[in-house]
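The values are calculated or read from the model by the stated rules, or taken from the named source; none is laboratory data. Bear in mind the structure is a predicted one, so any value in this text is a computation, not a measurement. Neighbour counts are summed over all protein chains in view; Cβ atoms, including those assigned to glycine, are modelled from backbone coordinates with ideal geometry. The accessibility values were calculated without ligands, DNA or RNA, using every heavy atom of the protein model including side chains. Shrake-Rupley method; radii C 1.70, N 1.55, O 1.52, S 1.80 Å.
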Amino acid sequence: MALFAVAREAAGKANVNRRASDANDPYTRFFLTARLYVAVLCFPAIFAAVAYFYWVAKATTYPFEFDYGEGIVLWQAAHVTRLASAYASISHYPYIVFHYPPLYHLVSWMVSKLTGNLLFAGRLVTFLSTLALSLTMGWIVYRSVPARAPKLAAIGGAVFASALPCGLDNMDWALLMRVDMLGLWLTFAGLAVFIFGRTIAMRYAAFVLFVAAMYTKQSLIAGALACLIVAAILNLRQAIKFVLFTAALGAFVLALLALATHGQVVRHLFLYNQNTFSLRRAIRLINENIQLILPLLAIACAGALSPLTDAARAFSRRRLGPLRARLLKSSYRLALFTFTIHFFVSGIVSLTVGKAGANSNYLLEWNLSACTLAGLVMTSLIWSWKAIRLVPEIGRA
């Protein structure tokens, strides 16, 4: 019996020592702290995202239009398989301008053959594009995190990036049969393929996606421009090839559409679709948007500071080699740098909101780029938090 008592006492001391050791173990302390932090961050984000997509999915089945623009897009989609009548001269009835390239309308028409309802099909395409866009943004953040970083940082940043768009005021466009969400998903898919593509063929595939985005909505050019800028820093000769390829592919598709519409597609997209532009209106709407997402923009600008500093230093010293090497070595740096460029390019393109008839959907790409940058910043914070917690403990050891 005495032996059993001694054994119990030894076991009790061992448990106490192990608990004390665990309390002082920096890895355990970090894991518990970071896990709780990420849980506090992720659970509300996941709840908000689920509620948002439930709301959008429920609205998709509403049998009447939410916005007058849906009626125009519905008519366009119904006639998209007869391009000559869709892009007809506006000198005779029905006097409708086909404002956009036909990709979204064609996809909606194809889906309607499965659903039996064109309005529902168009909204379903928008809903699925929005869901895919959110997941793509999360995947970009998750995939950019190096293998040596804790998975917790990758997961936390990815969930944060995926859920952030659900809180944007102008994401109510996901309810509508409109072209924006499909084009934005194609843009962000192209950015993802460009960043993580390991071969030249994958980079060319990214520009195919950018051309598809532009043939969904012609103002979606920021993704292609951002990647061309990054490509020029990495390899100027290859960037020139990308420019020529993108221009040739876009011109080829436009030529086919011009032949099918007797040249009317050019008139609809570039002549009939011209509206008066007001810089004052653009500044007012952008200012209203900034007021709505000021904390998000602050995080995005904080994330963009380091890439801009690196680029400014490299160009001022006329030494792009070190910058190029850092971007090629780290997928995280490449993603952060690419989205920094995209953030500023899409911000410039968002000035088109000053066009008469434009709405907050013209600011969506800029806002979504800020969401992705914020997700990358959040990942870095969680990742660096571990390093900060570990160093003092290791130093005392």
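Points worth noting:
- Selection over region 43-88 of residues that are in contact with a His (Cβ under 9 Å, 6 or more places away or on another chain), open to solvent by less than 40 Å² (accessible area, probe 1.4 Å) and among the polar types (S, T, N, Q) gives a count of 1.
- Take the conditions (1) at pLDDT below 90; (2) farther than 18 Å from residue 300 by Cα; residue 178 misses just one of them, which is (1).
- Some residue of region 337-353 being touching a residue at least 60 places away in the same chain (Cβ under 8 Å), outside any helix (DSSP H, G or I) and surrounded by fewer than 20 Cβ atoms within 10 Å (Cβ to Cβ): no
- Residue 152 vs. criteria out of contact with any Cys (no Cβ under 8 Å at 6 or more places or on another chain), within 17 Å of residue 129 (Cβ to Cβ) and either open to solvent by 20 Å² or more (accessible area, probe 1.4 Å) or part of a helix (DSSP H, G or I) (or both): no
- Within region 114-136, considering residues that are touching a Pro at 6+ places or on another chain (Cβ under 9 Å) and assigned to a helix (DSSP H, G or I), the one most open to solvent (accessible area, probe 1.4 Å): 120
- Counting the residues of region 177-194 that are within 18 Å of residue 107 (Cα to Cα) and not charged (D, E, K, R) gives 10.
- Criterion (part of a helix (DSSP H, G or I) and closer than 16 Å to residue 372 by Cβ) met by exactly one of 141, 111: 141
- Pairs where the first residue, in region 243-259, is in contact (Cβ under 8 Å) with a residue 60 or more places away in the chain and the second is among the hydrophobic types (A, V, I, L, M, F, W, C) and part of a helix (DSSP H, G or I), C-beta under 7 Å, 6+ apart: 257/83; 257/265
- Set side by side, the residues 70, 65 differ, and just one is over 30 Å from residue 161 (Cβ atoms) and acidic (Asp, Glu), which is 65.
- Given (1) in contact with a Gly (Cβ under 7 Å, 6 or more places away or on another chain); (2) on the phi > 0 side of the Ramachandran plot, index of the condition residue 357 fails: (1)
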